[in-house]
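Just below is one structure, and these are the notes that go with it.
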Amino acid sequence: MQNPVLEAIYRRRSVRSFRPEEVSWEDLREIVRAGIWAPSGLNNQPWRFVLVRDRAIRELLAAQTIYKKVVLAAPALIVVFLDRDVMYNDLKDHQAAGACIQNMLLAAEAVGLGAVWLGQILKNEGEVRRILALDDKLSLMAVIALGCPTPTERQAKRRPLEDFILKTF
Ligand SMILES: Cc1cc2nc3c(=O)[nH]c(=O)nc-3n(C[C@H](O)[C@H](O)[C@H](O)COP(=O)(O)O)c2cc1C
């Protein structure tokens with residue numbers, strides 16, 4: 001396949017084990033930049049981010065999820081929030097968050113990193129906000145764990161395309 005965007009979409013798989021090398025701030029900022037170029041309703045850009053490389057903070061966040069091992073193994077995290085002060089429509093703002101997160105997963109792939117979207121941690125949203133010392137106008141959307149992928153996994157499959165197309169006219 002020739003197209004780099006399609007290549008990244010098809011090659012990307014969730015990565016849950018990482019080599020210990022650190023992730024540069026430059027790469028993290030590039031990934032977030034890709035995130036903020038996602039579409040949002042009324043172009044309200046409701047997303048906000050906390051970038052984490054600090055080991056002590058990662059340990060505190062790891063304790064908030066059953067995916068503790070993944071969070072501890074990842075040398076960097078991007079914690080994604082929506083800012084309620086600029087949200088205008090719950091459904092559409094959450095859709096925008098999803099677009100933003102997917103852009104970041106693809107950008108991670110593009111810079112040679114592996115990543116996984118962690119949602120299970122949302123059940124401890126209050127604790128996550130407390131650890132990061134954030135205002136409760138910020139609504140937790142996901143934690144993205146990132147790092148250099150170890151050469152394993154990437155085995156998630158998809159059902160055939162025809163299973164999903166309801167009708168063609
Ligand atoms: C909303 C959402 C929440 C997710 N939460 C978790 C999670 O808490 N832990 C985890 O290991 N993977 C999580 N994932 C990743 C999915 O398990 C993964 O995307 C799916 O199995 C398909 O695999 P792939 O990403 O390799 O194609 C989440 C994905 C989404 C979109």
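Computed from the coordinates by the stated procedures, all read-outs in this text should not be read as laboratory data. Please read these numbers as outputs of a predicted model, since none were measured by experiment. We place every Cβ from the backbone using ideal geometry, glycine too, and count neighbours over all the protein chains shown.
What do you get for chymotrypsin sites (Phe, Trp or Tyr not before Pro) in the stretch 1-89 restricted to DSSP loop and a cutoff of at most 14 other Cβ within 10 Å of the site's Cβ?
37, 88
The count of lysine pairs in the stretch 13-152 that are at least 8 places apart or cross chains, and whose C-alpha atoms lie under 21 Å apart, stands at 4. Seen from residue 82, the other residues with C-beta closer than 13 Å to its C-beta sum to a net charge of -2, counting Lys and Arg as +1 and Asp and Glu as -1.
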